[in-house]
Each structure stands twice: as C-alpha cells, then as structure tokens.
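**Q** Take a look at this one; I'll ask things after.
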C-alpha cells in the first residue's frame, strides 16, 4: 500500500520538471542579467542592491512568490549545480551567488563593462 501511495504522490522526473528546466533556461536566455531570488533572503537583497547601484537592468524571479518556485529551484540545481539563492546569470553565464557577484563587482570598471557588453547598462552609464 505504501508503495502505491509513494508512486502516486511522490515527485518523479516528469514533464513538470522538464517544463521547469525549460522555463528556467528560457528566463536565463532572454535576460541580460537574471537573478533567481527569494524575497526574504538578505543575500538576495544585497545582490539586487549591487545591481541597482550601477543602474543595471535585470530580471528577478522570486522563487518564494511563484507557484513553480520549488520546481524552478530544482531545475537550477540541475543546470548549475547550485541550489542556494541568489542564483545569478550575466550574459547567460552563471556567476553564482551573492559572494560571487560581490567578487565580480569589486572591480567596478570591469563589472560595468561586462554589464554594458550584455546590454544591461547603456554606454552613458559607465
């Protein structure tokens, strides 16, 4: 009986997880800067402050506010090997989390140039 219950109600690799992976990849591909976040996470909020400080255009997907947030987070683990948030991409390249972004941003000129190259800030914003 427990086998049947587990079979019916457990999560298995399914069309839903494939859909989440497709959706996560589409968000990454369609945005110069993509941040997967949780609204209550202080590290996520710091990541957004760093991007705001250089007037970067970026897309945020708040995993805790979306019905498929858990599935997207599981998909990101498959895509990046990282389950934690924030999960940051610049120019479709995985940067990592907040501390990784802080390292990249510590060289302000190089960071802004990278953002300009991917279209996240304009030339006049350098």
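**Q** Taking the conditions exactly as written (surrounded by fewer than 18 Cβ atoms within 10 Å (Cβ to Cβ) and at pLDDT 95 or above), does residue 31 satisfy them or not?
**A** no
**Q** Moving on to the next point. Residue by residue through the range 79-126, note down the ones that are modelled with pLDDT under 95 and within 26 Å of residue 64 (Cβ to Cβ).
**A** 83
**Q** Collect the residues in the range 97-108 that are outside any helix (DSSP H, G or I) and in contact with a helix residue (DSSP H, G or I) (Cβ under 7 Å, 6 or more places away or on another chain), keeping them in residue-number order.
**A** 97
**Q** Would you check which residues across the range 82-96 are assigned to a strand (DSSP E or B) and within 9 Å of the chain's Cα centre (by Cα) and list them?
**A** 87, 88, 89, 94, 96
**Q** How many residues does the range 31-61 hold that are touching a residue at least 60 places away in the same chain (Cβ under 8 Å), within 22 Å of residue 79 (Cα to Cα) and touching a helix residue (DSSP H, G or I) at 6+ places or on another chain (Cβ under 6 Å)?
**A** Of the residues in the range 31-61, 1 are touching a residue at least 60 places away in the same chain (Cβ under 8 Å), within 22 Å of residue 79 (Cα to Cα) and touching a helix residue (DSSP H, G or I) at 6+ places or on another chain (Cβ under 6 Å).
**Q** Inspect the range 34-42 for any residue being part of a helix (DSSP H, G or I), out of contact with any strand residue (DSSP E or B) (no Cβ under 9 Å at 6 or more places or on another chain) and within 25 Å of residue 16 (Cα to Cα) and give the result as yes or no.
**A** Within the range 34-42, none of the residues are part of a helix (DSSP H, G or I), out of contact with any strand residue (DSSP E or B) (no Cβ under 9 Å at 6 or more places or on another chain) and within 25 Å of residue 16 (Cα to Cα).
**Q** Select from the range 67-96 the residues that are free of Cβ contacts under 8 Å to residues at least 12 places away in the same chain, touching a helix residue (DSSP H, G or I) at 6+ places or on another chain (Cβ under 7 Å) and closer than 18 Å to residue 29 by Cβ and list them in ascending order.
**A** Across the range 67-96, the qualifying residue is only 95.
The values are calculated or read from the model by the stated rules, or taken from the named source; none is laboratory data. Quick caveat, the model's predicted, so the values are computed rather than measured. Counting neighbours? That spans all protein chains shown, and the Cβs are built from the backbone with ideal geometry, glycine included.
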